[in-house]
Amino acid sequence: MESAIEVRALGKRFGSAVVLDGLDFSVAPGEIFGLLGPNGAGKTTTINILTTLLRADTGTACVDGIDVRREPEQVRRRIAVSGQSAAVDTTLTGAENVRLLARLSALGRRETERRVRELLDRFGLASAAEKSVASYSGGMRRRLDLALSLIVPPRVLFLDEPTTGLDPVSRRELWEAIRVMADEGTTVLLTTQYLEEADRLADRVGVLDAGRAVAIGTPSELKARVGAGVRLRDADGTIVRTVPTDGSVAGIRAAIDQLDARAGGTIDLHEPTLDDVYEALLGHATRTAERIAA
Ligand SMILES: Nc1ncnc2c1ncn2[C@@H]1O[C@H](COP(=O)(O)OP(=O)(O)OP(=O)(O)O)[C@@H](O)[C@H]1O
Ligand SMILES: [Mg+2]
């Protein structure tokens with residue numbers, strides 16, 4: 001089957017700074033693909049090129065089989081971009097927002113009302129439909145923003161850090177909504193700063209570093225390359241030392257043997273964080289939103 005997104009040897013510079021440096025990846029129809037990578041890796045630049053906001057210098061990119069450089073208009077007709085609630089008008093109610101955009105998208109009156117009910121219902125906003133968006137929480141606004149991007153169902157949906165700044169409950173609700181859309185056949189490309197998000201949501205993940213894909217695979221493949229760390233705590237519970245492992249039984253056993261388990265000390269395993277993944281894949285640690293939030 002033809003890819004929903006096909007990126008080949010994509011290159012982009014800003015002045016003398018090389019931002020994309022021969023980026024390759026493809027996304028299958030209906031797949032949720034997560035782009036991970038430290039700040040400045042080129043995630044937003046990639047989304048901007050795929051959504052025709054920006055032109056690549058070299059290489060090719062196709063969305064739904066259409067070249068973004070040659071036929072940007074055709075690409076725009078097939079995609080939606082959501083993020084940072086830019087489309088949401090806070091002076092209107094949730095229903096008014098959907099209605100306005102549906103009418104602007106040339107839907108008829110009856111079809112508009114059907115979409116208003118259906119979308120607000122799907123994103124858990126039915127009871128807040130007649131309330132002003134000014135009174136919505138951050139999570140509700142983000143869900144409304146997503147609903148607005150789906151008035152005309154897109155073939156491919158682009159989400160740049162969809163849940164940054166949301167609390168864990170709102171984040172999970174948004175994951176659920178994105179998952180439902182993918183199940184209905186929409187291809188999703190999202191960027192994220194959270195390993196947990198990629199883990200829960202993405203079918204496959206690409207890790208970007210300095211404008212290249214340094215690893216592509218399922219979230220479990222990625223985590224398996226990093227493995228759990230064995231942690232030694234002293235009697236007070238303070239972490240004394242962490243030994244990284246490949247996650248295998250032999251690896252964990254060897255790590256425990258390395259630890260000087262003094263009297264009163266306890267040992268536990270900890271799941272790899274995004275920092276661990278970056279450190280293992282990129283060979284350097286990075287400051288990530290996940291660590292800042294932790
Ligand atoms: N319009 C521009 N002009 C000059 N430099 C730019 C421009 N847009 C992006 N850059 C630079 O390109 C690099 C990649 O930026 P990009 O926004 O794609 O990274 P990102 O992976 O989305 O990072 P973040 O995690 O911070 O969102 C950065 O060094 C950034 O400063
Ligand atoms: Mg970005």
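Condition check for Q74 on (1) open to solvent by 70 Å² or more (accessible area, probe 1.4 Å); (2) outside any loop (DSSP other than H, G, I, E, B); (3) modelled with pLDDT of 95 or more: one failure, at (1). List the residue pairs whose Cβ atoms are under 9 Å apart, where the first residue sits in the stretch 103-116 and is farther than 19 Å from R77 by Cβ, the second is hydroxyl-bearing (S, T, Y), and the two are 6 or more positions apart or on different chains. Note: pairs meeting the criteria are T112/S105.
Could you go through the stretch 8-18 and let me know if any residue there is within 16 Å of ligand 1 (Cβ to nearest atom), without any contact (Cβ under 8 Å) to a residue 40 or more places away in the chain and part of a strand (DSSP E or B).
Checked the stretch 8-18: at least one residue is within 16 Å of ligand 1 (Cβ to nearest atom), without any contact (Cβ under 8 Å) to a residue 40 or more places away in the chain and part of a strand (DSSP E or B).
Within the set D121, D89, the sole residue that is open to solvent by 50 Å² or more (accessible area, probe 1.4 Å), part of a loop (DSSP other than H, G, I, E, B) and more than 30 Å from L20 (Cβ to Cβ) turns out to be D89.
Among the candidates G40, G139, G124, single out the residue that is at pLDDT below 95 and within 16 Å of ligand 1 (Cβ to nearest atom).
Values: G139 fails: within 16 Å of ligand 1 (Cβ to nearest atom); G124 fails: within 16 Å of ligand 1 (Cβ to nearest atom).
Answer to the selection: G40.
Scanning the stretch 11-51 for residues that are in contact with a strand residue (DSSP E or B) (Cβ under 7 Å, 6 or more places away or on another chain) and more than 16 Å from ligand 2 (Cβ to nearest atom) yields a count of 12. Screening the stretch 43-71 for residues that are away from ligand 1 (no atom under 13 Å from the Cβ) and among the basic types (K, R) and picking the one that is most open to solvent (accessible area, probe 1.4 Å) gives R70. Looking at this structure, is G108 farther than 19 Å from A177 by Cβ and surrounded by fewer than 21 Cβ atoms within 10 Å (Cβ to Cβ)? Against the criterion (farther than 19 Å from A177 by Cβ and surrounded by fewer than 21 Cβ atoms within 10 Å (Cβ to Cβ)), G108 qualifies. Got at least one residue in the stretch 93-102 being under 22 Å from the mean Cα position of the chain (by Cα), buried (at least 22 other Cβ atoms within 10 Å of the Cβ), outside any loop (DSSP other than H, G, I, E, B) and assigned by TED's automatic domain parsing to the domain that holds V156? For the stretch 93-102, residues under 22 Å from the mean Cα position of the chain (by Cα), buried (at least 22 other Cβ atoms within 10 Å of the Cβ), outside any loop (DSSP other than H, G, I, E, B) and assigned by TED's automatic domain parsing to the domain that holds V156: absent.
Look at (1) of a type outside the set (A, V, I, L, M); (2) within 16 Å of ligand 2 (Cβ to nearest atom); (3) under 19 Å from R8 (Cβ atoms) and you find that Q74 fails only one, number (2). None of D260, D268 is assigned to a loop (DSSP other than H, G, I, E, B) and either small (G, A, S) or surrounded by fewer than 16 Cβ atoms within 10 Å (Cβ to Cβ) (or both) except D260.
The values are calculated or read from the model by the stated rules, or taken from the named source; none is laboratory data. Only a predicted model underlies this, so the values are computations on that prediction, with no experimental measurement involved. When we count neighbours, we look across all protein chains shown, and the Cβ atoms used for this are built from the backbone with ideal geometry, even at glycine. SASA here: full protein model, heavy atoms, side chains in, ligands and nucleic acids out. Shrake-Rupley method; radii C 1.70, N 1.55, O 1.52, S 1.80 Å.
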